[in-house]
Amino acid sequence: MDAADLDRRTRTLSGCIPPELVSRLLERGHVAVVESEARRGERFCAVACARLPGARGRQTDARELLAPYVATGWWTATEEPENSPRPPTS
């Protein structure tokens with residue numbers, strides 16, 4: 001994984017699970033699926049999981065999910081995509 005590849009995937013939403021789909025999965029209660037994909041390297045899933053209310057108190061897990069993206073040096077990779085819906089809070 002490198003910054004250029006992450007940038008391309010973010011701009012084109014190709015080769016990844018788009019943030020809108022991630023939000024829909026979470027809204028429908030498929031947290032385990034999103035977490036599984038996050039651990040497989042899906043950036044939008046990792047960012048969403050790190051922001052889930054259930055992640056509070058599990059900062060180590062959130063850091064582990066985001067670590068590969070932080071390691072690229074491309075900090076945008078750890079940010080929530082613009083205009084993406086927030087994960088549900090209930």
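Just so you know, all these numbers are worked out from the coordinates, no wet-lab data involved. Note that the structure is a prediction, hence the values are computed from the model and not measured. Backbone-built Cβ (ideal geometry, glycine too); neighbour counts: all protein chains shown.
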Counted charge near ALA3, where neighbours are those whose Cβ lies closer than 15 Å (Asp, Glu -1; Lys, Arg +1): 0
Neighbourhood charge, 12 Å Cβ-Cβ cut-off, centred on TYR69 and excluding it, Lys, Arg +1 and Asp, Glu -1: -3
Net dipole in debye of segment 1-81 [+1 Lys, Arg Cβ; -1 Asp, Glu Cβ; about Cα centre; nearest 20]: 140 debye
